[in-house]
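Visitor: Right, I'll just put the structure down here and ask away after.
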Amino acid sequence: MLTRRRAIKSLGVGLSVAGLGLSPWLRAQHNAISQQPLSIPSLDSGTFSAGINKFDLNLQRGKHSFLPGLSTETLGINGNYLGPTLRFKRNQKVALQVSNKIGEPSSLHWHGFHLPPTEDGGPHQEIAANQVWNPSFDVVQFAGTYWYHSHVMHNAGSQVYQGLAGMIIVEDEEQDVPLPTNYGVDDIPVILQDRRFGDDGSLLYMNRYEDQVMGMQGDTIVVNGTVNPVITTATRLLRLRLLNASNARTYNLGFSDNREFYQVASDGGFLESPVPLTRLTLAVAERAEILVEFDPFDEATLINIALPPAFPDFPGAMSEMMRELNTQAFDILHFRAQSTLQDNGELPTQLADIYRLPEAAATNTRSFRLGMGNGMRSGDDAGPGRGARNGRGGGFGGGQFSINGRLMAENYINERIEFNTTEIWELTNTSPMMHPFHVHNGQFQILDRDGSPPPDNEMGWKDTVQVRPGQLVRIVMRFTDFRDEENPYMYHCHILEHEDRGMMGQFLVV
Ligand code: C2O
Ligand code: CU
Ligand code: CU
């Protein structure tokens, strides 16, 4: 069936993939909807008593209006869509009471946190319908931007898509970095998502063939649940906490006037010093805090700039899809500066001292091969070259995504890691699309990509790293504090449909 949107979209295929021109299908969505003020998730700093900061989180069903005049059935946490921004303090203990009222199993994972595996909220901490889960842990993270989301086995994609996600801000009172901190005023959460709607406003999920391969990519960009959002700023500097909470889409961000901005933090905290950029690529689950400066009456738009196709020389229908992926330009978030702007600080020169984990400290190296199309059953490893590129193996229609040729099996431990050691993980990608690889239990550092050190804005702490087609990415990580012979942590591709379909593994720290 050729729907209207599909027809609009197909017009976009084959148009210029470079430059700043909006692709017709996304522009069509935006033009239909006038600009709306960016909604800001409420801030929940918890209730502090007896040395513990307590949070109540209810997973619930709701309705949210994304499109004018239409109501959409959604999931939310303490609300209709998404959840409150949780504010944790470093070195404080948090206790969360998570009540599942959505009528189906769920879970809530604290993405980027270093904590015991039983408190992690992964697939093994499933919360049955009408049950309550009470995790608690010490916040040992650096100040930064983290998030929480459903991680229920085989169904995280659908639940996050409907709204089970939120931001976490960790503050550190001992760290004195002069950056804007007025939440929602000059310190702005920017939760990037893309959605696809039916004519009645309902969320459409995985209803196209290519979704099975690429993961769910929508044709309508929503920021904090707002379509075509605008921020009016009364301050000269804005700190934007960018979180890619999309299911599958990678954003290649920049401003409509090509202005420079400064990245000050990556996934796990501040960079050493602000990194000037005009482009920033953010894959699913990655975070970046950026500082942007405005003049009175300034107008600018945060946009997605089309990326050149990742795999232009790879023949066949599969490659057609890959070429289309991320090759569109579109508007994300408009900014309008008032006639007079409050001076709210300067760009700091120094942010943090980052201890670089020495490669020589590693006592073990492991390899993880990210593949598509091989590994028909859990446990199979057909080996390199058996996947997409020669058309053999499970095939894309079946949506086979694997790590080292295996699909995630809940009762199979893939890796056992010796407690208190440092390891190097070698990540390779034998498939034609980029996979954002995420490791639970904290933060790692990127050693190199194909032998070259990462750019300055990837020299800080990371928990998710882009592994592009054909690349070898080496990361280094320490496994400290939580030893557990029984309860594993996850590592996986953070394209949620890949994760749900098996591109995930488990490790114990023993
Ligand atoms: Cu953001 Cu395993 O998760
Ligand atoms: Cu995680
Ligand atoms: Cu993937």
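Visitor: If a residue has to be in a strand (DSSP E or B) and touching a residue at least 12 places away in the same chain (Cβ under 8 Å) to count, how many in the range 443-454 make the cut?
Guide: Final tally of qualifying residues: 6.
Visitor: While we're looking at this one, here's another question. How many of the residues in the range 455-510 are part of a strand (DSSP E or B), surrounded by fewer than 18 Cβ atoms within 10 Å (Cβ to Cβ) and away from ligand 1 (no atom under 16 Å from the Cβ)?
Guide: Count: 4.
Visitor: Here are some residues: H154, H149. Which one is over 15 Å from the mean Cα position of the chain (by Cα) and not acidic (D, E)?
Guide: H154
Visitor: Out of curiosity, is R87 in the same structural domain as F335 (by TED's automatic domain parsing) and either modelled with pLDDT under 95 or not small (G, A, S) (or both)?
Guide: no
Visitor: Can you say whether G121 is of a type in the set (G, A, S), part of a helix (DSSP H, G or I) and open to solvent by less than 10 Å² (accessible area, probe 1.4 Å), as far as the supplied structure shows?
Guide: So G121 does not fit the description; no.
Visitor: It is to be established whether one or more residues within the range 212-235 are touching a residue at least 24 places away in the same chain (Cβ under 8 Å), charged (D, E, K, R), under 30 Å from D176 (Cβ atoms) and not in a strand (DSSP E or B).
Guide: Scanning the range 212-235 turns up no residue that is touching a residue at least 24 places away in the same chain (Cβ under 8 Å), charged (D, E, K, R), under 30 Å from D176 (Cβ atoms) and not in a strand (DSSP E or B).
Visitor: Still on this structure: Within the range 327-374, take every residue that is of a type in the set (G, A, S) and in a loop (DSSP other than H, G, I, E, B) and give me the one that is farthest from G460 (Cα to Cα).
Guide: Applying the first criterion (of a type in the set (G, A, S)) to the range 327-374 yields 329, 337, 339, 345, 352, 360-362, 367, 371, 373.
Still in the list and also in a loop (DSSP other than H, G, I, E, B): 329, 345, 352, 362, 373.
Working: A329: 28, G345: 24, A352: 10, A362: 18, G373: 33 Å.
Filtering the range 327-374 for residues that are of a type in the set (G, A, S) and in a loop (DSSP other than H, G, I, E, B), the one farthest from G460 (Cα to Cα) comes out as G373.
Visitor: Quick one: S452 ticks every box in (1) open to solvent by 20 Å² or more (accessible area, probe 1.4 Å); (2) within 14 Å of ligand 1 (Cβ to nearest atom); (3) among the hydroxyl-bearing types (S, T, Y) bar one, so which box is it?
Guide: Failing condition for S452: (2).
Visitor: Another question, then. Write out, first by first residue and then by second, each pair whose Cβ atoms fall under 9 Å of each other, whose residues are 6+ apart or on separate chains, and whose first residue, in the range 476-499, is under 30 Å from Y205 (Cα atoms) while the second is aromatic (F, W, Y) and outside any strand (DSSP E or B).
Guide: Pairs found: Y489/F482; L496/Y161.
Visitor: Do we find a residue being hydroxyl-bearing (S, T, Y), outside any loop (DSSP other than H, G, I, E, B) and either surrounded by 19 or more Cβ atoms within 10 Å (Cβ to Cβ) or modelled with pLDDT under 95 (or both) anywhere in the range 199-210?
Guide: Scanning the range 199-210, I find no residue that is hydroxyl-bearing (S, T, Y), outside any loop (DSSP other than H, G, I, E, B) and either surrounded by 19 or more Cβ atoms within 10 Å (Cβ to Cβ) or modelled with pLDDT under 95 (or both), so the answer is no.
Visitor: Anything in the range 275-292 that is open to solvent by less than 20 Å² (accessible area, probe 1.4 Å) and in a strand (DSSP E or B)? List them, or say none.
Guide: V275, L280, L282, R287, A288, E289, I290, L291, V292 - these are the residues of the range 275-292 that are open to solvent by less than 20 Å² (accessible area, probe 1.4 Å) and in a strand (DSSP E or B).
Visitor: Additional query: Restricting to the range 100-118, name every residue that is open to solvent by 10 Å² or more (accessible area, probe 1.4 Å), assigned to a loop (DSSP other than H, G, I, E, B) and within 16 Å of ligand 2 (Cβ to nearest atom).
Guide: Filtering the range 100-118 down to residues open to solvent by 10 Å² or more (accessible area, probe 1.4 Å) leaves 101, 103-105, 114, 116, 118.
Still in the list and also assigned to a loop (DSSP other than H, G, I, E, B): 101, 103-105, 114, 116.
Within the range 100-118, H114, P116 qualify.
Visitor: So which residues in the range 336-355 are over 30 Å from F297 (Cα atoms) and open to solvent by less than 70 Å² (accessible area, probe 1.4 Å), if there are any at all?
Guide: A352, I354
Visitor: Could you list all residues from the range 250-282 that are hydroxyl-bearing (S, T, Y) and in contact with a helix residue (DSSP H, G or I) (Cβ under 7 Å, 6 or more places away or on another chain)?
Guide: Of everything in the range 250-282, just one residue is hydroxyl-bearing (S, T, Y) and in contact with a helix residue (DSSP H, G or I) (Cβ under 7 Å, 6 or more places away or on another chain), namely S266.
Visitor: On the basis of being away from ligand 1 (no atom under 16 Å from the Cβ) and modelled with pLDDT of 95 or more, does T220 make the cut?
Guide: No: the conditions fail for T220.
Visitor: Further, regarding this structure: So which residues in the range 415-451 are over 20 Å from L115 (Cα atoms) and either among the β-branched types (V, I, T) or over 23 Å from the mean Cα position of the chain (by Cα) (or both), if there are any at all?
Guide: Those that are over 20 Å from L115 (Cα atoms) and either among the β-branched types (V, I, T) or over 23 Å from the mean Cα position of the chain (by Cα) (or both): I424, T428, T430, I446, D450, G451.
Visitor: I'm told Q443 meets every condition in (1) touching a Gly at 6+ places or on another chain (Cβ under 7 Å); (2) open to solvent by less than 10 Å² (accessible area, probe 1.4 Å); (3) not small (G, A, S) except one. Can you identify the failing condition by its number?
Guide: (2)
Visitor: If you don't mind, another one. Could you list, ordered by first residue, the pairs with Cβ atoms under 6 Å in which the first is in the range 421-442 and closer than 13 Å to M372 by Cβ and in a loop (DSSP other than H, G, I, E, B) and the second is open to solvent by less than 10 Å² (accessible area, probe 1.4 Å) and modelled with pLDDT of 95 or more, at least 6 apart or interchain?
Guide: M434/Q466
Visitor: Let me ask you something else. Kindly indicate which of L75, L38, L57, L26 is open to solvent by less than 40 Å² (accessible area, probe 1.4 Å), at pLDDT 95 or above and not assigned by TED's automatic domain parsing to the domain that holds V132.
Guide: Selected residue: L38, the only one of L75, L38, L57, L26 that is open to solvent by less than 40 Å² (accessible area, probe 1.4 Å), at pLDDT 95 or above and not assigned by TED's automatic domain parsing to the domain that holds V132.
Visitor: Additional query: Considering each residue of the range 141-191, count those that are open to solvent by 20 Å² or more (accessible area, probe 1.4 Å) and either of a type in the set (F, W, Y) or in a helix (DSSP H, G or I) (or both), and give that number.
Guide: Residues of the range 141-191 open to solvent by 20 Å² or more (accessible area, probe 1.4 Å): 142, 153-155, 158, 162, 171-178, 181-185.
Imposing the further condition that a residue be either of a type in the set (F, W, Y) or in a helix (DSSP H, G or I) (or both) reduces the set to 142, 158, 162, 183.
Qualifying residue count, the range 141-191: 4.
The values are calculated or read from the model by the stated rules, or taken from the named source; none is laboratory data. As the structure is a computational prediction, the values presented were derived from the model and not from experiment. All Cβ positions, glycine included, derive from the backbone under ideal geometry; neighbour counts span all protein chains shown. Side chains are part of the model used for accessible areas, which takes the heavy atoms of the whole protein and leaves out ligands, DNA and RNA. Shrake-Rupley method; radii C 1.70, N 1.55, O 1.52, S 1.80 Å.
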